[in-house]
Amino acid sequence: MLYLSTRGHPDRKHFCDILLEGLAPDGGLYLPERYPHIDDAALTRLRKAYHEQGYAELAFQILSLYIDDIPAADLKRLCEKTYTAEVFGTGEIVPLRHLEDGLWLEALSNGPTLAFKDMAMQLLGNLFEYELGRRGEQLNILGATSGDTGSAAEYAMRGKQGVRVFMTSPHGRMSAFQQAQMFSLQDENIHNLAIEGVFDDCQDIVKAVSNDLDFKRKYKIGTVNSINWARLLAQVVYYFAGYVQATETNDQKVSFTVPSGNFGNVCAGHVARSMGLPIARLVVATNENDVLDEFFRTGVYRVRGSADTHETSSPSMDISKASNFERFVFDLLGRDAARTKALFGDALSTQGRFDLSQDPHFADAATKYGFESGKSTHADRLATIRDTFQRHGVTIDTHTADGVKVAREHRGDASVPMIVLETALPIKFAETIVEALGHAPERPPKFAGIEDLPKRVQVMPADVRQVQAYIERHCQ
């Protein structure tokens, strides 16, 4: 299995090379040359693997389709090391919970940082340590977070041999709990950089540094954002896990609603569907930063500037430039790398937008690829949290509430289960939960008093050179 760039770079690379690289040299994102096809017999084997041997075996079998440069025994061991009841709180790893007629929640927040990002990041930490050890190399990870990626990456990488983490985040724009999770870590290989700006400024810095090829090579810069294919690949697994829990036979279909800002989580669903998983619809749920909803409704992809990016009560989705969207558009356009480069490398940088509304490919977004979308506001969030608690006794976080609200609008045929992917545990957004319910959500004992712990963080302006200088100083 070889990987190519969405922007047409001639090189083809193996999995472990792109694991450590992040962006392609031409600024594109890596995708496999083809998606492996899962036929009926293969899906039956995967169903049996999950029910009889568990999530780790399911992960191993799916990852094996994409990774041929790690010996099978080693890859199996890495999956078994990652997906344990000790790490994720339950042997099921991602249990499905019935909420109401036709609507299910897939629990993805049982990991160390109480967010779905742990599902991929815990594996990524083990993959990095394995491959760096095999090569005798070191890696400096540069990341950007709007809330959950940062803590998930830092908890996965803390103490790992050969790895340093430099995590950028928008100064003052995450919840107090999210900030405390990251900034309270005192590990020497963890560096938190609070950028004076919004998430997109952080993401732009990561891309700019990744595109500075001399700096990237000199300081061995890698990424853990979902621009890293390995992370997105790990997320594909829980779509299969959700499907085999919600169905009994392979002729049944399911739909997924996915709270989305950077398009990584739902892009993993696109990959699963492209492999042949019987997914009827992939519903993208956005908050007030509705760049993705606007595209799926109109065909216009229009990024917003910092001043027009809303600060909301589902802050992990306060994103107006969805990095992973390039992967889907590449597939949507029939894998036309030249056109993808023109749209994402030229049109966005000069005009801040592109328009596919009159392109015949745009109709395929829904008819061929199953995409639909919807939007949720703060008032919707409060109402959904309140209603879900009053009717079902279940407290959901603000992002999951965006998903539930939009899922209810797109539920459709009751015979096709609609699975909402849970984003995080409610404690991460306690202020809004109190506003909705009048009481604080449950807090896991290990996080008692986390906001009061000493913090280790460097505040700096949204300046690429200053971030590079910080990395230089701490890589001596």
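Every number here is computed from the coordinates shown, using simple stated rules; none is lab data. From a predicted model like this one, the values you see are computed outputs, not experimental measurements. Positions of Cβ are backbone-derived with ideal geometry, glycine not excepted, and every protein chain shown enters the neighbour counts.
Here are the numbers:
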item: Exposure proxy order (Cβ contacts within 10 Å, fewest to most) of S306, S323, S274, S376; result: S306, S274, S323, S376
item: Cα-centre dipole for the range 132-201 with unit charges at Cβ (Lys and Arg positive, Asp and Glu negative), debye to 20; result: 320
item: Full-extension gain in nm, K218 to Q476, via 0.36 nm per residue minus C-alpha separation; result: 91.7 nm
item: Which of S64, F429, M182, positive extreme of dipole for the chain (C-beta unit charges); result: S64
item: Relative contact order (%) - the range 327-476, alpha-carbon pairs under 8 angstrom, separation at least six; result: 15
item: Sites S357 and E409 - FRET efficiency at Förster radius 25 Å, r taken between beta-carbons, to 0.05; result: 0.65
item: Cα-based shape type of the range 5-61, given that a ≥ b ≥ c are square roots of the gyration tensor eigenvalues and the cut on a/c is 1.5; result: prolate
item: All aspartates and glutamates inside 12 Å of K428 as judged from Cα atoms, apart from same-chain residues fewer than 8 positions distant; result: D148, D397, E442, E451
item: Dipole moment magnitude, nearest 20 debye, the range 367-443 about Cα centre, only Lys, Arg, Asp, Glu C-beta charged; result: 80
item: Violating pairs (Cα-Cα greater than 31 angstrom) within the set K368/K405; K405/K455; K160/K368; K13/K76; result: K405/K455; K160/K368
item: The range 262-375 shape via C-alpha gyration tensor axes, a/c threshold 1.5; result: oblate
item: Cα-centred dipole magnitude for the chain, charges only on beta-carbon of K, R (+1) and D, E (-1), debye, nearest 20; result: 640
item: Neighbour-count order for I385, I279, fewest beta carbons within 10 angstrom listed first; result: I279, I385
item: Environment charge of F183, counting only residues whose C-beta is closer than 11 Å and scoring Lys/Arg +1, Asp/Glu -1; result: 0
item: Rg in Å to one decimal, and Dmax rounded to a whole Å, for the chain via C-alpha atoms; result: 20.6, 60
item: Options Q138, A241, T398, ranked by Cα towards positive dipole end of the chain, top entry (Cβ charges); result: Q138
item: Longest DSSP-loop-exposure-free segment, GluC sites (Glu not before Pro), the chain, at most 16 other Cβ within 10 Å; result: 312-441
item: Longest to shortest principal axis, alpha-carbon extents of the range 394-476, angstrom; result: 59, 30, 21
item: Most positive-pole-ward Cα, L127, V198, V271, against dipole of the chain from beta carbon charges; result: L127
item: Mean ellipticity per residue at 222 nm, deg cm²/dmol - from DSSP H runs of n ≥ 4 across the chain, formula -39500 (n - 2.57); result: -13000 deg cm²/dmol
item: Cα-based shape type of the range 327-476, given that a ≥ b ≥ c are square roots of the gyration tensor eigenvalues and the cut on a/c is 1.5; result: oblate
